[in-house]
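A short write-up of the structure that comes next.
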Amino acid sequence: MPRLLFSQGWSREAAVRWFFSPGDLVIKNIFVEGPYLGTRMILVGVLSALLVVADAKFDFVSPVRQTLSTALAPVQWLVSAPGDIVEWTEDTVKSRDQLQAENAALKNRLFILEAKSQRLSSLSAEVNRLRELLNASSFVDDSVLVSEIIGINPDPYLHEVVVNKGFEDGIFVGQPVLDSYGLVGQVTQVAPLTSRVLLISDHNHAVPIQVNRNGVRGILVGIGVLDQLELVNIPDTADIQEGDLLVSSGLGGKFPPGYPVARVNSITHDPGEPFAKIEAEPLAELNRSRHILMVFRKPEPILRASEKNPTEQTAMAQ
Amino acid sequence: MAREEPHYLLFFASCFLAFCLSIVPLSGLAANARPEFVCLVMFYWTLKHPQQFGIFVSWIVGLLWDVLMGSTLGVHGLALALQAYLILSMIQRLQMYPLLQQSFVVFIVVGIVLMLYRWIEGFLAQPARDMAYMLGAVSSAIVWPFLSVSLRRLENA
């Protein structure tokens, strides 16, 4: 087909070209790629199809992806640099008064949290004793690693962020991610220095939860809207009320149990529908947090050892 | 007369900058209306130096774009290769067009690229809810004359 086009249209095209030549055209461009154009396109199409299948269904290409993403890391750093510079400047040029006020506020908050955690340690000890009586495995505190969001997926139909910790820091695929208010999502791709976190509000994400008040279980799915989640397949008779706190149930083994996820904000009972329509608002600040926590459960990271000592000391002091 | 040999340093620099611009966080309507800078830059190089920047180079750039976006490897590659194919199949006419007419072709080609990308992503993950992503093709067409002229100036400088 391209060959036909060239052989027929040559003389007229060439004439037009000579008449109106803007001066920066080269005559040999007429024979660009020639008859192999279609063949090349088909070859590339087949290669792409193979790659897509290999990437979507199997795990062949993740080493390639990791290597390339290390090479492309400078792009990500450059894009997040302005934000980092602003933050650094704000930190550096703060006045003494501001710093003192902030320090006082943080100290107050620390006192309150410490007071709360005193009760927490005795309560968790009690829970562990009770669980021992039940012959269940004891309730372990998870350790966390603080990481920073350095990028957001530019695709408006995907809710995904890039964080500055990768498998060199022990991050693994499927790792749960929190912020200081609730569950954020889970890790879906890991590179040496960065990783990608799918947010709970994404279309493809679902969390097994239970109502904190009475333990009713359900599955909370993202609908592609940042401040709304949907509780699916809940019968009209289930005891769920507006304002109920939904915590992760730990079923499915992906997320640790007991972390707050969302709060129910509307329930609609439609007699024509088999299930109630329940909407909930995520507690985590999905579009505002800059620092998030990666939760470690199975492999004990190096960080665990350094964190263990202070908690033990405080426990002994109490 | 244009220089026969393309300015390779400018090619790498423009691709790097286009990658940066394509992942700068935007929100709301701006995220949908973001011009597809990688498409535009590759459009320029294929149009200007079809001998050097054809289907394969576009495909490689598309694969890097895939890695950067975290999308399935090969989706953007295929879309950019298709763009190069479309450009090359009508390159003689395209090089003769005035900028405004080229802009119209950019709108159509980038539109096809975006549709192909959304279509494959729809198979793999979830289909797009609306047609708002086509705003990217409109904004690309608007940006094209400026980008084309400035890249040409830089290259001839």
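The values are calculated or read from the model by the stated rules, or taken from the named source; none is laboratory data. Owing to the predicted nature of the structure, the values given are computational and were not obtained by experimental measurement. We place every Cβ from the backbone using ideal geometry, glycine too, and count neighbours over all the protein chains shown.
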So which of B:Leu100, B:Leu80, B:Leu94, B:Leu88 ends up being of a type in the set (A, V, I, L, M) and loosely packed, with under 14 Cβ neighbours inside 10 Å? B:Leu100
How do the helices (runs of 4 or more DSSP H) wholly within the range A:36-147 filter down when requiring 2 or more residues that are within 14 Å of chain B (Cβ to nearest Cβ) and surrounded by 10 or more Cβ atoms within 10 Å (Cβ to Cβ): which remain? A:37-57, A:62-71, A:73-92
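Need a quick list: helices (runs of 4 or more DSSP H) entirely within the range B:9-110 having at least 2 residues that are over 18 Å from A:Tyr36 (Cα atoms), in contact (Cβ under 8 Å) with a residue 24 or more places away in the chain and more than 10 Å from chain A (Cβ to nearest Cβ). Before you say what the answer is, go through the steps one by one.
Details: elements: B:29-32, B:37-48, B:55-69, B:75-89, B:91-96.
Ranges flagged: B:37-48.
So that you can scan it fast, the table gives a plain yes or no per residue for (1) over 30 Å from A:Trp77 (Cβ atoms); (2) in the same structural domain as A:Ala56 (by TED's automatic domain parsing); (3) in contact with a strand residue (DSSP E or B) (Cβ under 6 Å, 6 or more places away or on another chain):
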{"residue": "A:Ser195", "(1), (2), (3)": "no, no, yes"}
{"residue": "A:Leu199", "(1), (2), (3)": "no, no, yes"}
{"residue": "A:Asn214", "(1), (2), (3)": "yes, no, no"}
{"residue": "A:Gly224", "(1), (2), (3)": "no, no, no"}
{"residue": "A:Glu230", "(1), (2), (3)": "yes, no, yes"}
{"residue": "A:Asp239", "(1), (2), (3)": "yes, no, no"}
{"residue": "A:Gly253", "(1), (2), (3)": "yes, no, no"}
{"residue": "A:His269", "(1), (2), (3)": "yes, no, yes"}
{"residue": "A:Gly272", "(1), (2), (3)": "yes, no, no"}
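Residue-by-condition table, conditions (1) surrounded by fewer than 17 Cβ atoms within 10 Å (Cβ to Cβ); (2) more than 22 Å from the chain's Cα centre (by Cα):
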residue: A:Gly218; (1), (2): no, no
residue: A:Gly222; (1), (2): no, no
residue: A:Gln228; (1), (2): yes, no
residue: A:Leu231; (1), (2): no, no
residue: A:Ile234; (1), (2): no, yes
residue: A:Asp239; (1), (2): yes, yes
residue: A:Val247; (1), (2): no, no
residue: A:Gly250; (1), (2): yes, no
Would you confirm, using the coordinates I've provided, whether A:Asp227 is touching a Ser or Thr at 6+ places or on another chain (Cβ under 8 Å) and at pLDDT 90 or above? yes
B:Trp119: passes all of (1) at the interface with chain A (Cβ under 9 Å from one of its Cβ atoms); (2) surrounded by fewer than 18 Cβ atoms within 10 Å (Cβ to Cβ) but (1)
Could you say whether any residue in the range A:148-159 is among the β-branched types (Val, Ile, Thr) and touching a residue at least 60 places away in the same chain (Cβ under 8 Å)? yes
Looking at the range A:161-268, what strands (runs of 3 or more DSSP E) fall wholly within it and have at least 3 residues that are among the polar types (S, T, N, Q)? A:183-190, A:260-268
Per the filter on the range A:148-160, residues modelled with pLDDT under 90 and part of a loop (DSSP other than H, G, I, E, B) are A:Asn153, A:Pro154, A:Asp155, A:Pro156, A:Tyr157, A:Leu158
Among the numbered conditions (1) surrounded by fewer than 24 Cβ atoms within 10 Å (Cβ to Cβ); (2) farther than 19 Å from B:Ile23 by Cα, tell me where B:Tyr133 comes up short. (2)
In the range A:191-219, anything touching a residue at least 60 places away in the same chain (Cβ under 8 Å) and either charged (D, E, K, R) or out of contact with any Ser or Thr (no Cβ under 9 Å at 6 or more places or on another chain) (or both) is listed as A:Leu199, A:Ile200, A:Ser201
